[in-house]
Amino acid sequence: MIYRAIVECDPSGPLMVNVTKLYPKSDCSVFDAFGRVYSGRIQTGQSLRVLGEGYSPDDEEDMTLKEVTKLWIYQARYRIPISSAHPGSWVLIEGVDTSIMKTATLCNMDLDEDVYIFWPLQFNTLPVVKTATEPLNPSELPKMVEGLRKISKSYPLAITKVEESGEHTILGTGELYLDSIMKDLRELYSEVEVKVDPLVCDVILYPITT
């Protein structure tokens with residue numbers, strides 16, 4: 001039923017939305033989710049399931065229930081408020097971002113059949129340049145950690161993690177990419193002064209195929 005509804009862009013079918021990007025609010029406290037409606041209809045006040053990248057029918061841990069509070073058509077710097085969106089529409093969605101890290105699948109709460117997520121985005125480049133960060137004031141570490149979480153949501157190719165040594169590291173695709181990340185971390189997402197270690201190239205081993 002889901003497959004046929006997606007192929008036919010059926011507005012009366014089950015809701016399926018592929019969220020591909022998160023955009024921060026003006027105060028950078030929360031994010032709005034940007035995605036495409038493939039079937040069904042999404043509308044304000046609607047309760048739905050948010051399926052993360054780790055979700056599968058056998059493991060439903062990466063799933064939350066959220067309510068859509070606002071919808072917009074996103075056009076450059078303009079947001080046009082709407083009450084609902086049909087298949088084929090790209091929409092900006094408020095109220096569903098809490099559990100989303102990179103991408104997600106939105107669907108109805110009352111679907112009887114197994115739901116499989118849309119495949120996460122694949123990129124031709126990989127984050128291979130790494131740097132370690134720490135706040136100048138150690139008491140502001142929680143603020144920096146929260147800022148790193150928001151960086152991971154905002155930058156599709158950024159990876160943030162904690163090393164075995166306890167260092168908080170950021171991986172990006174290059175020096176300019178990491179410069180942009182650090183600027184946003186300092187000025188938007190954590191608002192703390194952060195020390196940065198010299199950049200290093202992270203080694204990635206590729207499997208040998210024959």
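The values are calculated or read from the model by the stated rules, or taken from the named source; none is laboratory data. Being a predicted model, the structure only gives us computed values, none of them experimental. Heads up, the Cβs are rebuilt from the backbone with ideal geometry, glycines too, and the neighbour counts pull from every protein chain shown.
If I ask for residues that are out of contact with any Gly (no Cβ under 9 Å at 6 or more places or on another chain), assigned to a loop (DSSP other than H, G, I, E, B) and surrounded by fewer than 15 Cβ atoms within 10 Å (Cβ to Cβ), which ones from segment 53-70 would you list? Before the answer, list the steps.
If we filter segment 53-70 for residues that are out of contact with any Gly (no Cβ under 9 Å at 6 or more places or on another chain), which is where we start, we get 53-60, 65.
Of the ones still in play, those that are also assigned to a loop (DSSP other than H, G, I, E, B) are 53-55, 57-58, 60.
Of everything in segment 53-70, those that are out of contact with any Gly (no Cβ under 9 Å at 6 or more places or on another chain), assigned to a loop (DSSP other than H, G, I, E, B) and surrounded by fewer than 15 Cβ atoms within 10 Å (Cβ to Cβ) turn out to be G54, P57, D58, E60.
Every residue, every condition in (1) free of Cβ contacts under 8 Å to residues at least 40 places away in the same chain; (2) on the phi > 0 side of the Ramachandran plot; (3) in contact with a His (Cβ under 6 Å, 6 or more places away or on another chain), yes or no:
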{"site": "R4", "(1), (2), (3)": "yes, no, no"}
{"site": "E8", "(1), (2), (3)": "yes, no, no"}
{"site": "P14", "(1), (2), (3)": "no, no, no"}
{"site": "N18", "(1), (2), (3)": "no, no, no"}
{"site": "Y23", "(1), (2), (3)": "no, no, no"}
{"site": "D27", "(1), (2), (3)": "yes, no, no"}
{"site": "V37", "(1), (2), (3)": "no, no, no"}
{"site": "G45", "(1), (2), (3)": "yes, yes, no"}
{"site": "V50", "(1), (2), (3)": "no, no, no"}
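With respect to the conditions (1) outside any loop (DSSP other than H, G, I, E, B); (2) at pLDDT below 95, L106 falls short on a single one, namely (2). Within segment 153-176, the set of residues being surrounded by 18 or more Cβ atoms within 10 Å (Cβ to Cβ) and closer than 18 Å to L22 by Cα comprises K153, S154, Y155, A158, T160, G172.
Within segment 71-100, the set of residues being touching a Ser or Thr at 6+ places or on another chain (Cβ under 6 Å) and either of a type in the set (K, R) or not in a strand (DSSP E or B) (or both) comprises S83, P87, G95, S99. Quick check, is T98 crowded, with 16+ Cβ neighbours inside 10 Å, in contact (Cβ under 8 Å) with a residue 12 or more places away in the chain and of a type in the set (S, T, N, Q)? No: the conditions fail for T98. Go through the residues of segment 88-110 one by one and say whether even a single one is within 25 Å of E61 (Cα to Cα), among the charged types (D, E, K, R) and over 18 Å from the mean Cα position of the chain (by Cα). Within segment 88-110 (the criterion being within 25 Å of E61 (Cα to Cα), among the charged types (D, E, K, R) and over 18 Å from the mean Cα position of the chain (by Cα)), the answer is yes, since at least one residue qualifies.
Of everything in segment 71-90, what is more than 18 Å from S12 (Cα to Cα) and either in contact with a Pro (Cβ under 9 Å, 6 or more places away or on another chain) or surrounded by 14 or more Cβ atoms within 10 Å (Cβ to Cβ) (or both)? Give them in sequence order. Quick ask: steps written out before the conclusion?
Kept after step one, since they are more than 18 Å from S12 (Cα to Cα), are these residues of segment 71-90: 71-82.
Matches in segment 71-90: L71, W72, I73, Y74, R79, I82.
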